[in-house]
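First the structure, in the form of structure tokens, and then the observations on it.
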Amino acid sequence: MRKDLCFLNVILIGVVAVCLCFWPSASLGQDAGKVYKVIVDPGHGGQDTGSKGSGGLLEKEVTMALAKKLVQALEETGQVRAELTRTDDQAVSLDDRAGLANHNHGDLFISLHLGTTFASDPTGFSIYYWSPTTASPTAMPFSNTVRSWDQEQEPYWEKSRMLASLMQEELLWSIPWASGGVLPADIYLLRRARMPAVMVELGSLNHLEEAAQLQKPEFQEAVAKAVTQGLIKYRSLEDKGIVIKLKSPDS
Ligand SMILES: [Zn+2]
């Protein structure tokens, strides 16, 4: 992991620990009656198989298995309700995935993917968020009154970055993989989400060891629990109106 990201994470852990310890009441207070809805997006589906591993294993199958485990882990907390953007092996366009999340008033969006590598080194995991510095120059300037479909993520990107950082911390604690970091990227799907949104990319099917791990239910459960834990910490801070404005490579 890069040194600056390492430093950033040390700061983040400290700030989160202080916030969680000294803020009155750890309950998810303000909107206690409101259902907190997490949209879980298993990448790919149908004809769009995603990456392929040896033995015919497909990214779309692994993302679905991970997504189902994540939905289960989230629901078990009793604090959130989770919805999938696809429930079976069907192709859903990126616009439809974002549209479904926005239409169903999701509070958070998590897209699950695998990486690709042709190197012998393992890929590890990376977490992506959209940021204005990654936006294409043709995008319309941001306006508080008129926001195009392409700019839905603009008001949420700092929350997305905080969510990504918290998830990374939990994944680092829980699974013995290296982190490629918390990275800004101009990802079409994230740009269109009207809620904090991240893309988690886990390992690669081209890498034999990672592919073997990714197929194990216990590994999938460990990932799901870590992502859930990061999300619960995020929600606890968000509920108290705290958004940690991290310094990162894109700011
Ligand atoms: Zn993918």
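See the values below:
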item: Test: residue in region 179-188 that is part of a helix (DSSP H, G or I) and touching a residue at least 60 places away in the same chain (Cβ under 8 Å); result: yes
item: Residues satisfying the stated conditions in region 117-137, i.e. touching an Asp or Glu at 6+ places or on another chain (Cβ under 9 Å) and either assigned to a loop (DSSP other than H, G, I, E, B) or of a type in the set (A, V, I, L, M, F, W, C) (or both); result: Thr117, Pro122, Thr123, Gly124, Phe125, Ile127, Trp130, Ser131, Ala135, Ser136
item: Check on Leu66, aliphatic (A, V, I, L, M), within 16 Å of the ligand (Cβ to nearest atom) and surrounded by 17 or more Cβ atoms within 10 Å (Cβ to Cβ); result: yes
item: Which listed residue, of Leu163, Leu183, Leu172, Leu202, is under 17 Å from Thr63 (Cα atoms) and touching a strand residue (DSSP E or B) at 6+ places or on another chain (Cβ under 8 Å); result: Leu202
item: Matching option when the condition is of a type in the set (Gly, Ala, Ser) and under 22 Å from Arg194 (Cβ atoms), among Gly99, Gly56; result: Gly99
item: Total residues in region 104-116, condition out of contact with any Asp or Glu (no Cβ under 8 Å at 6 or more places or on another chain) and of a type in the set (Val, Ile, Thr); result: 1
item: Members of region 34-52 that are of a type in the set (S, T, N, Q) and under 19 Å from Asp95 (Cα atoms); result: Gln47, Thr49
item: Test: Ala98 is crowded, with 19+ Cβ neighbours inside 10 Å and either part of a loop (DSSP other than H, G, I, E, B) or within 16 Å of the ligand (Cβ to nearest atom) (or both); result: yes
item: Selection from region 36-63 of residues that are more than 10 Å from the ligand (Cβ to nearest atom) and over 15 Å from the mean Cα position of the chain (by Cα); result: Tyr36, Gly45, Gly46, Gln47, Lys52, Gly53, Ser54, Gly55, Gly56, Leu57, Leu58, Glu61
item: Residue pairs meeting the criteria (Cβ under 9 Å; at least 6 apart or on separate chains; first within 20 Å of Lys60 (Cβ to Cβ) and of a type in the set (S, T, N, Q), in region 23-48; second buried (at least 17 other Cβ atoms within 10 Å of the Cβ) and at pLDDT below 55); result: none
item: Enumeration of residues in region 190-225 that are within 16 Å of the ligand (Cβ to nearest atom), assigned to a helix (DSSP H, G or I) and touching a Gly at 6+ places or on another chain (Cβ under 9 Å); result: Glu210, Ala211, Leu214
item: Residues of region 171-197 satisfying the condition of being closer than 14 Å to Gln229 by Cβ and surrounded by fewer than 20 Cβ atoms within 10 Å (Cβ to Cβ); result: Leu172, Trp173, Ser174, Ile175
item: Contacts under 6 angstrom Cβ, first residue in region 86-104 being under 10 Å from Leu189 (Cβ atoms), partner assigned to a loop (DSSP other than H, G, I, E, B), 6 or more apart; result: Arg97/Thr85; Ala98/Arg192; Ala98/Ala193; Ala101/Ala193
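The values are calculated or read from the model by the stated rules, or taken from the named source; none is laboratory data. Every value quoted in this text rests on a predicted model; they were computed, and no experiment measured them. So basically every Cβ, Gly included, is an ideal-geometry build from the backbone, and we count neighbours across all protein chains shown.
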